[in-house]
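Q: What follows is a structure written as structure tokens; I'll ask about it next.
The values are calculated or read from the model by the stated rules, or taken from the named source; none is laboratory data. The structure displayed is predicted, hence computed values, not measured ones. Cβ sites come from the backbone with ideal geometry, for glycine too, and all protein chains shown count toward neighbours. To get the accessible areas, we keep the full protein, side chains included, count just its heavy atoms, and leave off ligands, DNA and RNA. Shrake-Rupley method; radii C 1.70, N 1.55, O 1.52, S 1.80 Å.
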Amino acid sequence: MNEVLLSQEVIVYLLSESLLFGLLFVAFIITPLLIKRWNFDAFTQEQFRLENRSYLVMSIVFFVMALKILLLPYFVYTIDQLSDIVPGAMCGAGIIKANGYGNPLLLLKIIILFLSGFWMTLNRLDLEAKAYPYTKRKLWFFLFIFMLLSIEFALDILYFTHIQTTNPVTCCSVIFGQMGGSNALFLGLDTPMLLLLFYLLFVLLVLMLWSKNSLGIIVTSLLFLFVAYYSVVYFYGTYIYELPTHKCPFCMLQQEYYFIGYLVWGLLLVGVFMSLDYAISRWLWKRDALRLRNFALWALSLFVLLCSLFVVVYYSKNGVLL
Amino acid sequence: MIEIENIHKIFNEKSSEPFEALKSITLHIAKNEAIILSGVSGSGKSTLLSLIASLDKPSSGKIVVDGELISKLPDLHASHYRAKSIGFIFQHFNLLEALSVEENIIAPLIPSRLDIITIKKQAQESMQRAGIAHKASQTIRELSGGEKQRCAIARALVTDPKLIICDEPTANLDKANSLKFIEILSTLKALGKTIIVATHDPIFDTLPFESRLIKMEDGRIVDE
Amino acid sequence: MGWRVSRELIVGFVFLGLLVCGLAVHYLLYSTPKEQNIQTLSRLTTFSSPSLSVAFYEPRLPSGNAMHPSYPSMPSLNKRGFIYAQ
Amino acid sequence: MHNNAFFHFLSLLLFKQKNKHIGAIFISVIIIFLLSSVLFISSSLQKSLQATLQNQPDFTISRLQAGRAVDTPTEWIEKIVQIDGVSAVTPRVYGRYFFAPNENSFLIVGVDFFDEQSNRSLQELMETTDLKSFFAMPSMLVGEGVQKFMSAHYYSDSFSFKLPNGSFKKVAIAQQLPSSTNLIANDMIVMPLELAKEIFAMEEESITDIALNVPNDAEWDTIVGKLHLLFYDAQVIDKREISKAYKSLYNYKGGLFLILYLITIITFMLILYQRYSMVYSAEKKEIGILRAIGWSIQDILKLKFYETLVIVISSFILGVVLAYIFVFIFDAPLLQEIFLGGENLANSVVFVPTIEFGILGSLFLFFALPFFASVLIPVWKIAVTPPKEAML
């Protein structure tokens, strides 16, 4: 048996994923009947049973989503732990690239979290309305998410069974380093331009959130997510590591850096998710969830502040920039 | 205030022996009216009450309370309706036995998201009105039948509902307590509440307040 | 009154909190001193091999009596080497 | 706080009906306790071993002949010293001494006590005995397991080693090593280098292996290459290899335990499912009443969710704290046998307190997720109780 599959974290992770998938499967089995027979105007016993069952689907999705939020950092932690077993890896960056399934899996996980967040919003609207107006839509949406979740589950298994402990993987300095002009930034940007873009987009996003422009929020927050990722990896990260050549999104998740990476990436993802959720519920369902917006503003501002703080602290300690 | 149009309620629809508990009931109840539903057990009184309180849903027909159609409401709204507009007094009191009087009385207010101080204040007022305030911290198990009844009344009144529904309220009470109960009902009537009582207790034949007697038999209204 | 029971919950959580605090204090106070001697010894010997029943990276001695009584080709019962990775 | 009243009510229900939950809490605490004891032990042992590695040389080099390690000639030392970037080249002598009657063995480690640093370390270890009498005659320091074994065989203050040529060498037992070092020193005997050579009957010009440091990490691979070029029959052991071996040693073991626990956890889930289906069906009337007085399905779901959360968190904390006390205060009686084994010399280890948040997080997931998953369907069933139940 593969050594990877015997490490504690992988066992716990795969067990959790399988349990959640089992529950989702229960929800999946009852959904087609719900969609087919749903008729809110009917007074039959069957309709009442279906209404109750829709609460089961809701409970399961809610539970799974809450756990998936916990499991995302745990997944990152797991691959980080695996870097001890796999030769050549210093952090999660090498492990996630150990085979072709890693990066799509991580991306899919984030997408699923975002989608299930939107599902919860839709669900709340459905329950609060007078005649369950969105139930069918919400169930179709669930089927779609379930499809993604099945792919995710398959990828999970494929990913962990295909990590070789014999083949060395590359270290983060190779994957993200810019030596000899390799791994250049997108669009040929240089660091000052990237930073300018980062702050400009942040200001733009805040303005969009203030002016409640739904489409603007969606576009800018996605752009911001993209640019912020690069800025953290190629600029702010070097201040976290206090080393100009250390460019890696994973090392900051380790204990040496006080697990600060979980906070950095967490704030970014939460902030972007909240803005997207706010914009979508405003655009599609005509709801103005101010709490959501304020939360998004807080999270994003904290994220930008935290990143900038690393630079400021480094400068005030050493008197130079990297 | 309450308009009931052509209500049917069938139990065990799909089975070989469906049972029609209510057959084409139509009834209009005005605000501040007191209705006494009488009839032998099995005549459909309780079913009618549960439909008005939205505890159950009719098989067909319409119930409108204060302009709102309540015969088919999603759960969240049905619950809001029950919490806000209905004070229900059950035949067996239906209190949470493990909790104290006060704790039982605050129960309907919990989903309302009020803070605990407001809730306690309302519960105190309600207990005083029902005359059970002196037993506030006692567990339900330690109470006598009459005290349980008063606790149930206090719970029904705590949300200040417009409509008080009682299902065989005096079935488990002695004569003295029953008379006291009727006294409380008359003060509630004076406060402007609408009252519906399902009973076959003859004590309700002579009431100190104006009331409308409705007789039910075999799922139909036979006499008004 | 009703608060009394709520207080029980608070007491319960305070109790659990105290347990956790006690644990934290013990952890902070005792984790380093206990380690000291072992560090000194390993500095002295420049040698680090866990003194478990099976010497870890040293070659195992093929000794005659360590055989399974009924299946000579199987590892012996009193060896716990199967638990450790090789 | 908006939900103040809600939590108040939650605590009321929980405490007035605590008997319903005691069974589930009891099983949970036991499972958490066992699991976290095992994980505490393995992570503590691992951490202690990793810590001792800090004092170890970066490389050890020894001679191989026909795949077996043989004595290394001392002339290698001079050659190694000449390589740039290499420091602290020291000869080491160690080996197993087999005590014939019982097939038991001791690990004899020879130490060069004339070295200043090892002299200081020796002083730290020897609190009671004075150094002069230690050097006056052939003496040794013995681990606790060795001490016990020797006194069981009536060697209370000295031991006679049987040399390969048939003669005996009497060595005084100067002192027992502190029992807190048992993890590495239980079967260890520390004695002067020359004495160890004499007992093993090694030639004057040979040693067991050579330890060396390479301060610059980036040079490591080059140095290994150079060593192999210098000596064709050399085996070079890298400190990183040992470190990795230690990690997989207990990780593997924890994994095996976890597979055993998988079976336990499935049983646990079945028990919980049964138990809560029963508990909740007894609550049907109660929930019906709550529904009748205006609680929505979501309110009931929320109530039950938090109820479960309180149970999960409190049993988790209880189990972990109990395990901590068991392992780090009482040094895990019974359980440590499984980890150490008693094949050679009986060992009892002092565990250094170690808390790894990653492991606690794993444990929490491993326990909380099945718990929630198995009560989810019973909770849903009770939450959709029709309010009409109150009328019956």
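Q: Out of D:F367, D:F316, report the one residue that is open to solvent by 10 Å² or more (accessible area, probe 1.4 Å), in a helix (DSSP H, G or I), in contact (Cβ under 8 Å) with a residue 12 or more places away in the chain and not assigned by TED's automatic domain parsing to the domain that holds D:G143.
A: It is D:F316.
Q: Within the stretch B:193-215, does at least one residue satisfy the condition of being closer than 17 Å to B:A130 by Cβ and either open to solvent by 40 Å² or more (accessible area, probe 1.4 Å) or among the acidic types (D, E) (or both)?
A: Among the residues of the stretch B:193-215, not one is closer than 17 Å to B:A130 by Cβ and either open to solvent by 40 Å² or more (accessible area, probe 1.4 Å) or among the acidic types (D, E) (or both), which makes the answer no.
Q: Residues of the stretch B:1-24 being under 21 Å from the mean Cα position of the chain (by Cα) and more than 10 Å from every other protein chain (Cβ to nearest Cβ), which ones?
A: B:M1, B:I2, B:E3, B:I4, B:E5, B:I7, B:A21, B:L22
Q: Moving on. Which condition number does A:L207 fail, the rest of (1) within 25 Å of A:V312 (Cβ to Cβ); (2) outside any helix (DSSP H, G or I); (3) open to solvent by 40 Å² or more (accessible area, probe 1.4 Å) being met?
A: Condition not satisfied by A:L207: (2).
Q: Within the stretch A:63-82, how many residues turn out to be more than 11 Å from chain D (Cβ to nearest Cβ) and over 30 Å from A:N123 (Cα atoms)?
A: Qualifying residue count, the stretch A:63-82: 1.
Q: Out of curiosity, is D:L53 more than 30 Å from D:R275 (Cβ to Cβ) and aliphatic (A, V, I, L, M)?
A: So D:L53 fits the description; yes.
Q: Please list, ordered by residue number, the strands (runs of 3 or more DSSP E) wholly in the stretch B:1-97 having 1 or more residues that are free of Cβ contacts under 8 Å to residues at least 24 places away in the same chain.
A: Qualifying strands (runs of 3 or more DSSP E): B:2-11, B:19-29.
Q: Of all residues in the stretch A:64-114, how many are over 17 Å from A:L20 (Cβ atoms), open to solvent by 30 Å² or more (accessible area, probe 1.4 Å) and of a type in the set (G, A, S)?
A: Residues in the stretch A:64-114 being over 17 Å from A:L20 (Cβ atoms), open to solvent by 30 Å² or more (accessible area, probe 1.4 Å) and of a type in the set (G, A, S): 3 in total.
Q: Same structure, new question: Restricting the stretch C:42-60 to residues that are assigned to a loop (DSSP other than H, G, I, E, B), of a type outside the set (S, T, N, Q) and modelled with pLDDT of 50 or more, which is surrounded by the fewest Cβ atoms within 10 Å (Cβ to Cβ)?
A: That would be C:F47.
Q: Just give me the residues in the stretch A:39-52 being assigned to a helix (DSSP H, G or I) and surrounded by fewer than 18 Cβ atoms within 10 Å (Cβ to Cβ), in sequence order.
A: A:Q45, A:E46, A:Q47, A:F48, A:R49, A:N52
Q: Same structure, new question: Hey, among the residues in the stretch D:117-170 that are within 14 Å of chain C (Cβ to nearest Cβ), touching a residue at least 24 places away in the same chain (Cβ under 8 Å) and hydrophobic (A, V, I, L, M, F, W, C), which one's surrounded by the most Cβ atoms within 10 Å (Cβ to Cβ)?
A: It comes out as D:V146.
Q: Now a separate question. Inspect the stretch D:331-345 for any residue being closer than 15 Å to D:I32 by Cβ, assigned by TED's automatic domain parsing to the domain that holds D:F372 and in contact (Cβ under 8 Å) with a residue 60 or more places away in the chain and give the result as yes or no.
A: Within the stretch D:331-345, one or more residues are closer than 15 Å to D:I32 by Cβ, assigned by TED's automatic domain parsing to the domain that holds D:F372 and in contact (Cβ under 8 Å) with a residue 60 or more places away in the chain.
Rundown of residues vs (1) of a type in the set (D, E, K, R); (2) within 19 Å of A:F75 (Cβ to Cβ); (3) within 14 Å of another protein chain (Cβ to nearest Cβ); (4) surrounded by 15 or more Cβ atoms within 10 Å (Cβ to Cβ), yes/no style:
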| residue | (1), (2), (3), (4) |
| --- | --- |
| A:S116 | no, yes, no, yes |
| A:R137 | yes, no, no, no |
| A:A154 | no, yes, no, no |
| A:T166 | no, no, yes, no |
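Q: Kindly check whether there is at least one residue in the stretch D:74-90 that is within 12 Å of another protein chain (Cβ to nearest Cβ) and within 13 Å of D:T208 (Cα to Cα).
A: yes
Q: Here are some conditions: (1) farther than 30 Å from C:S51 by Cβ; (2) within 13 Å of chain C (Cβ to nearest Cβ); (3) buried (at least 21 other Cβ atoms within 10 Å of the Cβ); (4) not hydrophobic (A, V, I, L, M, F, W, C). D:N4 meets all but one. Which one does it not meet?
A: Evaluating D:N4 over (1) farther than 30 Å from C:S51 by Cβ; (2) within 13 Å of chain C (Cβ to nearest Cβ); (3) buried (at least 21 other Cβ atoms within 10 Å of the Cβ); (4) not hydrophobic (A, V, I, L, M, F, W, C) leaves (3) as the failure.
Q: Still on this structure: The conditions are (1) in a helix (DSSP H, G or I); (2) within 14 Å of chain B (Cβ to nearest Cβ), and D:W295 fails exactly one of them. Which is it?
A: (1)
Q: Can you find, within the stretch B:3-28, the residue that is surrounded by the most Cβ atoms within 10 Å (Cβ to Cβ) among those that are among the β-branched types (V, I, T) and in contact with an Asp or Glu (Cβ under 8 Å, 6 or more places away or on another chain)?
A: B:I10
Q: Looking only at residues in the stretch D:66-81 that are part of a loop (DSSP other than H, G, I, E, B) and surrounded by 10 or more Cβ atoms within 10 Å (Cβ to Cβ), which one is nearest to the chain's Cα centre (by Cα)?
A: Per the stated criteria, the residue is D:D71.
Q: Additional query: If you take the residues in the stretch D:96-109 that are within 18 Å of C:S49 (Cβ to Cβ) and at the interface with chain C (Cβ under 9 Å from one of its Cβ atoms), which one is most open to solvent (accessible area, probe 1.4 Å)?
A: D:F98
Q: Filter the stretch D:364-392 down to the residues that are more than 8 Å from chain A (Cβ to nearest Cβ) and under 29 Å from D:S48 (Cβ atoms) and list them by number.
A: D:F364, D:F367
Here is a yes/no grid of residues against (1) within 28 Å of the chain's Cα centre (by Cα); (2) in a helix (DSSP H, G or I); (3) in the same structural domain as D:K148 (by TED's automatic domain parsing); (4) of a type outside the set (F, W, Y):
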{"site": "D:A172", "(1), (2), (3), (4)": "no, no, yes, yes"}
{"site": "D:Q175", "(1), (2), (3), (4)": "yes, no, yes, yes"}
{"site": "D:T181", "(1), (2), (3), (4)": "yes, yes, yes, yes"}
{"site": "D:I184", "(1), (2), (3), (4)": "yes, yes, yes, yes"}
{"site": "D:M191", "(1), (2), (3), (4)": "yes, no, yes, yes"}
{"site": "D:E194", "(1), (2), (3), (4)": "no, yes, yes, yes"}
{"site": "D:M202", "(1), (2), (3), (4)": "no, no, yes, yes"}
{"site": "D:T222", "(1), (2), (3), (4)": "no, yes, no, yes"}
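Q: Take the stretch A:111-128 and flag every residue that is out of contact with any His (no Cβ under 9 Å at 6 or more places or on another chain) and either of a type in the set (A, V, I, L, M) or free of Cβ contacts under 8 Å to residues at least 24 places away in the same chain (or both).
A: A:I111, A:I112, A:L113, A:L115, A:M120, A:L122, A:R124, A:L125, A:D126, A:L127
Q: Another question, if that's okay. When you scan the stretch B:104-116, do you find a residue that is in contact with a helix residue (DSSP H, G or I) (Cβ under 9 Å, 6 or more places away or on another chain), at positive phi and at pLDDT below 90, even just one?
A: Looking through the stretch B:104-116, at least one residue is in contact with a helix residue (DSSP H, G or I) (Cβ under 9 Å, 6 or more places away or on another chain), at positive phi and at pLDDT below 90.
Q: Pick out the one residue from A:F250, A:F303 that is more than 30 Å from A:K138 (Cβ to Cβ), open to solvent by less than 10 Å² (accessible area, probe 1.4 Å) and aromatic (F, W, Y).
A: Going through A:F250, A:F303 in turn, just one is more than 30 Å from A:K138 (Cβ to Cβ), open to solvent by less than 10 Å² (accessible area, probe 1.4 Å) and aromatic (F, W, Y): A:F303.
Q: Before we move on, is B:I117 open to solvent by less than 10 Å² (accessible area, probe 1.4 Å) and among the β-branched types (V, I, T)?
A: No, not satisfied.
Q: Hey, can you tell me all the residues within the stretch B:191-220 that are in a strand (DSSP E or B) and over 19 Å from the mean Cα position of the chain (by Cα)?
A: B:E217, B:R220
Q: Please find, among D:F372, D:F339, D:F357, D:F328, the residue that is buried (at least 23 other Cβ atoms within 10 Å of the Cβ) and of a type in the set (F, W, Y).
A: D:F328
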